[in-house]
1. Can you tell me the orientation of helix 248-259 relative to the chain, as the angle in degrees between its alpha-carbon axis and the longest Cα principal axis, to the nearest 10?
2. Accessible area of the chain with a 1.4 Å probe: how many percent of it is carbon plus sulfur?
3. Of the DSSP beta bridges with both residues in segment 75-211, give the percent that are antiparallel, rounding to the nearest 5.
4. Roughly what angle does helix 128-146 make with the longest principal axis of the chain, taking Cα atoms, 0 to 90 degrees, to the nearest 10?
5. Considering the chain as a Gaussian network with a 10 Å cut-off on Cα pairs, which listed residue, Gly274, Gly232, Gly41, attains the greatest mean-square fluctuation?
6. What's the center-to-center distance, using Cα atoms, between segment 101-162 and segment 1-63 in Å?
7. Percent of Cα-Cα pairs more than 24 Å apart in the chain, please.
8. Given the chain, what percent of its DSSP beta bridges are antiparallel, to the nearest 5?
Amino acid sequence: MSIKCRFCRKAVIYPEQRLCVDHLSKFIEKRVDKVLGKVLGLEEKKILVTVSGGKDSTGLAHIMALRDLNMELLYLNLGIPTYSDASQKVVEDFAKARKLKLNIITLNDYGFTVKDFHEKQEEFRSNTCSLCGSAKRYLFNKFAFENGFDFIVTAHNLDDFASFAVMGISSGDLRYISKTASVSWPKKEQKTVGRIRPYFHVPEKASLIYSLSNNIPFFEGDCEYVGGNKQGDIKTRVAELERVAPGFRQHLVKFTRKSGTPETTAPKSCDSCGYPSAIDSCRFCRIKERLR
Ligand code: SF4
Ligand code: ZN
Ligand code: ZN
């Protein structure tokens with residue numbers, strides 16, 4: 001006998017919470033609205049939704065577009081041979097169908113691509129994904145700041161935050177996870193735009209089923225460098241633990257966020273570009289200098 005939704009007795013599509021297709025949509029949209037509701041006067045803010053073309057980003061952009069918001073989309077082309085142009089096309093079609101303004105920037109405008117990171121990762125003593133992540137964070141903030149946006153919206157989900165928590169524990173450094181929240185406020189004097197993470201409490205599997213069941217287009221391929229991504233392995237193991245101990249991810253994120261010591265040193269700014277940096281030159285400028 002098939003399992004029935006705990007609210008309406010229709011067939012279940014998301015067994016973890018015993019929800020049918022309609023109630024899964026309500027479950028996700030309620031979680032998104034709860035986070036959006038933390039920003040008072042959000043309708044008057046200028047919002048930039050970053051879209052990679054993956055299931056989480058187009059699903060979230062779809063939900064955001066149904067709200068009465070002053071929002072635009074941002075796609076960053078990373079120059080990954082089998083991934084970037086194809087995912088850009090998905091985002092272009094997505095934006096066109098919904099009449100959303102899409103901004104496109106390319107890493108290559110700075111003289112390099114993620115392919116260059118990959119080829120020189122040993123020289124950098126860092127892996128491709130870490131370099132790529134730094135470039136994304138830097139360029140999202142720079143574009144948003146220079147174009148007068150108040151908040152950047154990203155579609156990181158609960159499984160992402162749980163894997164960041166595990167990585168923080170394994171490196172003994174909980175600073176990143178301790179300062180990560182569903183909303184981070186703008187600090188204009190530090191050239192930092194605010195962040196909203198509406199999928200903070202949304203499990204990855206729920207996001208995937210939501211996008212599939214609502215026919216939201218997304219790019220189904222994987223980045224070719226994902227194999228070297230430790231985060232992917234950690235996510236798989238965290239999902240296994242969640243299966244045997246439901247609630248594990250939420251509690252892991254909650255406890256590690258509480259245990260971390262928040263940054264106490266005053267933020268500096270990069271000597272070259274003026275954006276925030278822990279030392280004289282920010283990571284993006286150091287990467288740029290090295291690849292020149
Ligand atoms: Fe960047 Fe790694 Fe994601 Fe590829 S898998 S887009 S290199 S962070
Ligand atoms: Zn239902
Ligand atoms: Zn810099």
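1. 40 degrees
2. Numbers: 7810 of 15330 Å².
The computed percentage sits at 51.
3. Numbers: 3 of 9 bridges.
Percentage antiparallel, nearest 5: 35.
4. Helix 128-146 and the main axis of the chain meet at about 90 degrees.
5. Gly41
6. Here the two parts' Cα centres lie 25 Å apart.
7. Numbers: 23215 of 42486 pairs.
Value for the chain (Cα pairs over 24 Å): 55 percent.
8. Working: 7 of 23 bridges.
Antiparallel bridges make up about 30 percent of those DSSP assigns within the chain.
The values are calculated or read from the model by the stated rules, or taken from the named source; none is laboratory data. Because the structure is predicted, anything quoted here is derived from the model rather than measured. When the accessible area is computed, the model is the full protein with side chains, heavy atoms only, and any ligands, DNA or RNA have been set aside. Shrake-Rupley method; radii C 1.70, N 1.55, O 1.52, S 1.80 Å.
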